1. What FRET efficiency comes out for the pair Arg43/Ser577, r = Cβ-Cβ distance, R0 = 51 Å, nearest 0.05?
2. Once neighbouring chains are kept in place and the probe is 1.4 Å, which whole percent of the accessible area of the range 60-194 is contributed by carbon and sulfur?
3. Short version: ³J(HN,Hα) in whole Hz for each residue of the range 259-275, in order, from phi by Karplus 6.51 cos²θ - 1.76 cosθ + 1.60 (θ = phi - 60°), x for Gly and Pro, what are they?
4. Could you give the nm distance between label points at Leu109 and Ala295, where each point is 7 Å from its Cα heading toward the beta carbon?
5. Leaving ligands, DNA and RNA out of it, report the carbon-plus-sulfur percent of the accessible area of the range 376-514 at a 1.4 Å probe.
6. Determine how large the accessible area of Glu601 is when every protein chain is in place; take a 1.4 Å probe and give Å² rounded to the nearest 10.
7. Radius of gyration and Dmax for the range 63-143's Cα atoms, expressed in Å?
8. What is the set of long-range amide H partners of Thr464 at a cut-off below 5 Å, with H atoms built 1.01 Å from backbone N?
Amino acid sequence: MTRHHPRPRPPVPGASLKERLAGARVVFRQLPGTLRLVWDADRGGAVVIVALTIFLALLPAAIAWLGKLVVDGVVLAARSGDAAARARVLWLVAGEAGLMAIQLAGGRLVGLRRELLRGALGNLVNERILEKALQLELRHFEDSDVYDKMQNARREASSRPLSLAMQALAIGQHTVTLIALSGLLLRISPASVLVIIAASVPAFLAEARLSGESFRVWTWRAPEGRRLDYLEWILTRDSHVKEVKLYGLGPLVLGRYRRLFRKFFDEDRRIAVRRLRAGIGFGLVSLGAFYGMLALMAGRAARGAITLGDLTLYITVFRQGQAAVQSVLQAVGGLYEDALFMSNLFEYLGIPTAGEAPRLQPARTVARGRPQALELRGVSFRYPGQRDWALRDLSLTLAPGEKLGLVGENGAGKSTLVKLLLRLYDPTEGEIRYGGVDLRDLDPADLRSRVGAVFQDFVRYQFTAAENIGLGNPARVTDRDRVVDAARRGGADGVITALPMGYDTVLGGWFESGQELSSGQWQKLAVARAFMRDQAELLILDEPTAAIDAEAEHELVERFRALAADRTALVISHRFSTVRFADRIAVLHGGRLDELGSHRELMALDGRYAHLFNLQARGYLD
């Protein structure tokens, strides 16, 4: 994996009020996109939540007003002894109880709809992330910056979108509540509204600063987060256990894991402690403001300037108003932090992925049903961000139905050529034509549907044996007859017959009852997978014999020759016995075509091919 250019770190929100406000304008742009996600996930649920939230926002003021009327009614009934006054108090208490019951039920219903929305939204966002992953090109998967963006997006996908939407809704709810409460508070003490706001703003500014720092820590932790996952992978996967045990790697790897985890823990602890200090400090300011105003209003009540009900109303409304202001400011701070994290998601979803699009619209096509000529004209390629050429000025033509062997040392450019033929990359210079059409003018899906391949690093799917073969042609993956025929032709039928449940046996060790296979057995399934693609016009065998013995190699070559009988084929191998059946053999060296000819011609040339062949043959004879 390569990193092209280090991504510049964005300015850390919180250095100054001006910078925080500038950062807020940027990150709050994420709100419309997030709300669209919520709407797409559950429109009915979103409407119910908004309607109930607005209704519930008005209840605190109504409940507080009824509380005042109850207190004044009790005082009046006690002084007058009037039965009607006592009855009125009971009706007021019943009314307040009814509103409290409605508030309780409404809150529960909102909570239910929110949980349902959480699941729907989390699933939608994860689907969008996976859909984007399908659109990414090979160059993206070989770029560590893209992996960081993907990890940042996936880490918060299940919680941040809903959190941001709920924070925005909470701002609206508490603002409505505050307006309603202020209407009651203004008739008693207009200055109290200003006191509530002034006592809450410093806490908001501190929280916004800490939210920005928290975002920075989480965002730039992504590369080290992947390293932490990798260290855990080393210690927990069967593919690594032999070397971990043999070389005693456990203490070293675990030590690195502990140091990295401690670093993360210390960063989180510092932010948590700062939040605690800020919370206590500004909480005391808020508490002092409340009791200062309470002392003032209690003095007014003692002088008879306001009623006991007014004092009760004031205490209730002041506390609720203070809580509403703090909730609004906290929601704004939370919205700010959530929007920062959502910017990671939208940055990932916004990665340009049009590199594989055909240059022409509509895309050109090539007649199907028979192999076409494959031409490389002055092809040169270097990987993004690299200065050295992986391939240089490569010109080569494969006639329809020709079998070409490709040999060369590691780094000669063999695997790079395969990537270009599959249009996982485009040539930096020159062109590749199939049937006379530049690959860049073909639809990539159309091109790849014409190719069958067995790679050295073939995938071992933790699926059933039948699915491991059937995935060579997803449209026919459930066609058991087709799968059985491919298994027979690919030489995997004997492997499958020995499995406990035959074709329905789950393979691999990741899931319960999974059956692990040897490398050679897995490779037979990969070969059978290639036999599922009968429509393939070009076959690629990339280092097919790397993990098998000589007898299995001979069997594989014979089966591949049968599969490639009427197709164009490219065989890449370090074993010269594998490529001898090819019509011609191309020798790559340093990314250039060094030699080209049949086995007999290249041996007679006594060049690089002959030298490497004799070295390998001597190894068998010594």
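The values are calculated or read from the model by the stated rules, or taken from the named source; none is laboratory data. As the structure is a computational prediction, the values presented were derived from the model and not from experiment. Every residue, glycine among them, receives a Cβ derived from its backbone with ideal geometry; neighbour counts consider all protein chains shown. Heads up: the accessible areas ignore ligands, DNA and RNA and are worked out on the full protein's heavy atoms, side chains in. Shrake-Rupley method; radii C 1.70, N 1.55, O 1.52, S 1.80 Å.
1. 0.20
2. Carbon and sulfur atoms account for 65 percent of the accessible area of the range 60-194.
3. 5, 5, 5, 5, 4, 4, 4, 5, 4, 5, 5, 4, 5, 5, 5, 5, 5
4. It works out to 4.5 nm between the two label points.
5. Values: 3040 of 6130 Å².
That share works out to 50 percent.
6. Counting only protein heavy atoms, Glu601 exposes about 120 Å² to solvent.
7. 27.7, 86
8. Residues meeting the criterion, in which the H sits 1.01 Å from N, are Leu507.
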